[in-house]
Amino acid sequence: MSEKRVLLVIGGGIAAYKSLELIRLLAKANVRARAILTTAGAQFVTPLSVGALSGDKVYQDLFDLTAEAEMGHIELSRSADLVVVAPATADLMAKAANGLANDLASTTLLATDKKVLMAPAMNVRMWEHSATRRNFARLQADGVHFVGPDQGDMACGEYGYGRLAEPEAIRDAILALLSDGPLKGKRALVTAGPTIEAIDPVRFLSNRSSGKQGYAIAAALAELGAEVTLVSGPTNLAAPAGVKRVSVESADQMLRACEKSLPVDVAICVAAVADWRPALTASEKIKKGKNSAPAIALAENPDILATLSKPGKKRPKLVIGFAAETNDVEANARAKIAKKGCDWIVANDVSGDVMGGDENEVLLIRRDGAEAWPRTSKAEVAKRIAAAVTKELGGKARERK
Ligand code: C5P
């Protein structure tokens, strides 16, 4: 990779010392880091150590006339290939989520036209606070990428989510976002996870999908340089590095989020969309009846794969569906290509332990042929699918054997 540049915003937290290691790891990977050190950040690491490692001036003050004369803050925000915030404190996230711009770091985040990657670090209660949850969701919807936070022991003596991701993981996320991979310039949509369909405010219909295969595919496409939107039902998984995740619950919401993400070059529908939803969602919790259990009338959900496959200006060049079958896998999958109008089906036999597990055994079925892949990890299946997509879209990656 030719030399790339990141603008690294170092927020104020005990984890700030890890940003020094990050600068060193980036230098080894031929990525130059220019740093903005917030006032709070400077309480934890000194401008001297940051500058010595980055080999550059350290920017600290929005109103520093000399710094402004050398490089205006707007130019600073656009001079890098990527803006990275590590550690991203609750305060920096809150400012960025709300568009506040009252210091150099927040002004830079508002003025940049580059991708932004945040590596949050804070106390577990701050991370779990509803305000931070809101800010996190809003930043994700704005297209900000995230790596971490990790779970573990914290400097404050507590345990939970809030630890800064390890510098190696942050470096990998940065490299993925800077990647000039064969899918650079291509846009991808992936659906993943289950949908949940409300019966009343506390009950729902859903299924056992873990989201693992869809998340792995989103990650593999991003690693090859694609701009990926992952529309996900509720899962326990972290959004893969470099992927924009849109969280939804119902099939209706999933369809709307997918349509909003168009146009894309490839759409891969991995989500286990509930086939039906309660025809009516009660606005209050349904009370236990004295005599009989209530009957739930069902209505059919929209078919997202079939909708995306419909011919038209916005149809992705390549639409791929999944088929979970328990018998006659290939025949049923072929019938599904015809019924849904998609181009390929990745079919798997779910009669065993595939759902929720880490391995998968699939058949890739195109209109004009089928390939059986040996049982392997979901990550490897994802890489093979990403390589096949690359070949189909005219990218340079060689298909994996
Ligand atoms: O019809 P069936 O559920 O077996 O089809 C599976 C494929 O269709 C998967 O790719 C799944 O993501 C997609 N699908 C969908 N919307 C639905 C049902 C299935 O996108 N309502």
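Of the listed residues Leu175, Leu298, the order by accessible area with a 1.4 Å probe, largest first, is Leu298, Leu175. Once each of the GluC sites (Glu not before Pro) sitting in a DSSP loop with at most 14 other beta-carbon atoms within 10 Å is removed, the chain keeps 4-157 as its longest stretch. The trypsin sites (Lys or Arg not before Pro) of region 160-238 meeting both criteria, a DSSP state outside H, G, I, E and B (loop) and at most 16 other C-beta atoms within 10 angstrom of the site's C-beta, are Lys184, Arg203, Arg208. Determine the alpha carbon to alpha carbon distance for each of Lys28/Lys95; Lys317/Lys391; Lys18/Lys57; Lys184/Lys310; Lys186/Lys339; Lys4/Lys378 and list only those over 22 Å. From Lys28/Lys95; Lys317/Lys391; Lys18/Lys57; Lys184/Lys310; Lys186/Lys339; Lys4/Lys378, over 22 Å: Lys28/Lys95; Lys184/Lys310; Lys186/Lys339; Lys4/Lys378. Our note on the geometry: Cα centres of region 194-219 and region 151-188, 24 Å apart.
Among Asp265, Asp368, Asp303, the sequence by solvent-accessible area, most first, with a 1.4 Å probe is Asp368, Asp303, Asp265. Based on protein heavy atoms only, region 42-169 ends up with 48 Å² per residue of surface accessible to a 1.4 Å probe. Taking only protein heavy atoms and a 1.4 Å probe, the accessible area of region 187-392 is 50% carbon and sulfur.
Here the chain is treated as an ellipsoid with the same Cα gyration tensor; its semi-axes, largest first and in whole Å, are 41, 26, 18.
Computed from Cα atoms, the angle from the helix 130-141 axis to the main principal axis of the chain rounds to 80 degrees. Comparing Ala239, Ala388, Ala188 in a Gaussian network model of the chain (Cα springs below 10 Å), the most mobile by mean-square fluctuation is Ala388. Across the protein chains, with a 1.4 Å probe defining accessible surface, the residues Thr112, Thr66 rank Thr66, Thr112 from largest area downward. Between Ala69, Ala238, Ala192, which gets the highest mean-square fluctuation from a Gaussian network model of the chain, Cα cutoff 10 Å? Evaluated over the chain, the most mobile residue of the options is Ala69. For the chain, the antiparallel share of DSSP beta bridges with both residues in that region comes to about 30%. For the chain, the 222 nm mean residue ellipticity estimated from helices alone, with every DSSP H stretch of n ≥ 4 adding -39500 (n - 2.57) and the total spread over all residues, rounds to -9500 deg cm²/dmol. Within region 174-217, whose backbone N sits under 17 Å from a point 7 Å along Cα→Cβ of Thr281? Correct set: 194-207. Taking the C-alpha atoms only, the angle from helix 212-223 to the longest principal axis of the chain is near 50 degrees. Other residues lying with their Cβ under 13 Å from the Cβ of Leu318 contribute a combined charge of +4, Lys and Arg counting +1, Asp and Glu -1. Considering only region 4-178, what is the antiparallel percent among its DSSP beta bridges, to the nearest 5? Just about 15 percent of them are antiparallel.
The values are calculated or read from the model by the stated rules, or taken from the named source; none is laboratory data. Just so it is clear, the structure is predicted and the values come from calculations on it, not from any experiment. All Cβ positions, glycine included, derive from the backbone under ideal geometry; neighbour counts span all protein chains shown. SASA here: full protein model, heavy atoms, side chains in, ligands and nucleic acids out. Shrake-Rupley method; radii C 1.70, N 1.55, O 1.52, S 1.80 Å.
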